[in-house]
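A short reminder: the numbers here are calculations on the coordinates, not readings from a lab. What you are looking at is a predicted structure, and each value in this text was computed from that prediction instead of being measured. Counting neighbours? That spans all protein chains shown, and the Cβs are built from the backbone with ideal geometry, glycine included.
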Amino acid sequence: MDPLSHSVTRAGKPIQLQPREFRLLEFLLRHAGQVVTRTMLFGDVWDYHIDPQTNVIETPMFSKLRRKIDFGFDPPLLHTIRGAGYKLATHA
């Protein structure tokens with residue numbers, strides 16, 4: 001990820017992200033290897049302060065991001081940690 005040019009590549013292939021997807025991936029990269037909670041995501045990526053038990057907002061976004069950064073690549077990087085949040089693997 002290059003924040004200055006707002007570009008993302010994986011295995012040398014460019015990945016086109018929408019602005020919110022870019023913010024989400026940037027946040028996950030800053031916390032790579034750590035479990036990121038819904039509360040952390042809502043506050044930093046969405047600028048919302050709502051019930052952290054809901055997944056209405058981030059579920060579609062994670063599905064899109066997962067398709068873009070993991071589909072066709074091995075190993076997958078984005079993991080759902082049931083009951084806790086999400087985790088971006090530290091290996092590519």
- Item | Net charge over other residues, Cβ less than 11 angstrom from the Cβ of GLN18 (K, R count +1; D, E count -1) | +3
- Among the stretch 4-33, those whose backbone N falls under 11 Å of a label point 7 Å along Cα→Cβ from HIS79 are 33
- Item | For the stretch 17-23, Karplus couplings with θ = phi - 60° (6.51, -1.76, 1.60), whole Hz, Gly/Pro x | 10, 6, x, 5, 5, 4, 4
- Task: Would you please give the residues with an amide H less than 5 Å from that of ILE15, counting only those at least 5 places away or on a separate chain, with H modeled from the backbone geometry?
- Result: VAL8, THR9, ARG10
- Query: With each label point set 7 Å from Cα along the Cα-Cβ vector, what nm distance links ALA32 and HIS6?
  - Reply: 2.3
